[in-house]
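Remarks on the structure that follows.
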Amino acid sequence: MYATQSATLELRDAFRRQRLVLLALMLRNIRTRFFGHGLGYLVAIAWPLVHTLIIITLFSVNSRMAPVGESTTLFVATGAVPFQVQAYLSTFMMTSVLQSRALFAFPEVKVMDALIASILLEILSSCAVVLILLVVGTAFGENLAPRDIEQAALAYAAAIILGVGIGFFNGTLALAMPMWALMFALLRILLWLASGTVFLPDNLPEPYRTMQSYNPIAQSIEWMRYAYYDGVGAGFLDRAYVLEFGVGMIFVSLLLERMTRGHLLSLR
């Protein structure tokens, strides 16, 4: 009985230490993200909103109509939200690992701690962005509510899983090759243009339509639009592929990080 109580206390202390480490890393990320001050983190929330508003403005100025539905704002938002969820997760998980590299000298701080802290923080931030976007849209008379709220929630969760999977891979690769952070930043711009944020991949001619079907980001965007527009992506959408790709990336990245952990840390 004494041994059981001792083991329970040790487990409780371990969870407490882990919680404190994650909280400290999250607070550090908040303070160091922009301007070296906690209030600078508001920029991280405003940034995705600005991106979305810029695209909406460009569509409006050029008098471009949405390829589906009657609202350009809704069409752009349904593409921007899932893309930015996975893009910001995958990017800031990577930068968090690089910025926390010096802390890995402390035995209590592991690479996985930095990644998990970044995941929690980015999910909270993206939820705040979505809520603000809904409020702003309602204030300007835009109905941003999905026709199928369950599918919208699943599409949002799938984008998170995809972002976490890519983020784990980016974080592991960036430890070995810091230049990857810059390379991925450039790649993210191309992915924004090519993943269906401002067009419908299902409307592309062959063989480009088939090529896009292998893009998990395009699939996650199409999933979100399916929750808003009846019939969109019916012959294109593959929900299982998005989840399998995200979970597969998480598994491969965790295995790679575990196998190369000592080598990666020795490079600091």
Met65 and Arg19 label points (each 7 Å along its Cα→Cβ direction) are spaced in nm at 5.6 nm
How many nm separate the modelled label positions at Leu255 and Phe106, each set 7 Å beyond the Cα in the direction of the Cβ? 3.3 nm
For a quick protection proxy, order the peptides 111-121, 14-24 by their average other-Cβ count within 10 Å, most packed first. 111-121, 14-24
Quick one: among Phe245, Phe168, Phe140, which has the greatest mean-square fluctuation in a GNM of the chain with alpha-carbon springs under 10 angstrom? Phe140
With +1 assigned to the C-beta of every Lys and Arg and -1 to the C-beta of every Asp and Glu, and no other charges, what is the dipole magnitude of the chain about the Cα centre in debye, to the nearest 20? 1020 debye
Compute a Gaussian network model of the chain, connecting alpha carbons closer than 10 Å, and tell me which residue from Pro178, Pro67, Pro205 fluctuates the most. Pro205
Report the extension gain between Cys127 and Arg12 in nm, rounded to one decimal, defined as 0.36 nm multiplied by the number of residues separating them, less their alpha carbon distance. 38.4 nm
So, R0 is 41 Å and r is the distance between the beta-carbons of Glu206 and Glu150; what FRET efficiency does that work out to, to 0.05? 0.80
For the chain, shape from the Cα gyration tensor axes a ≥ b ≥ c, cut at a/c of 1.5 then a/b versus b/c, turns out prolate
Rounded to the nearest 10 degrees, what's the angle between the helix 72-99 long axis and the longest principal axis of the chain, both from Cα atoms, 0 to 90? 20 degrees
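Quick note: the coordinates plus some simple rules give every number you see, no bench work behind them. If you're wondering where the values come from, they're calculated on a predicted model, not measured in any experiment. Because the Cβ atoms are built from the backbone with ideal geometry, glycine has one as well, and the counts that use them run over all protein chains shown.
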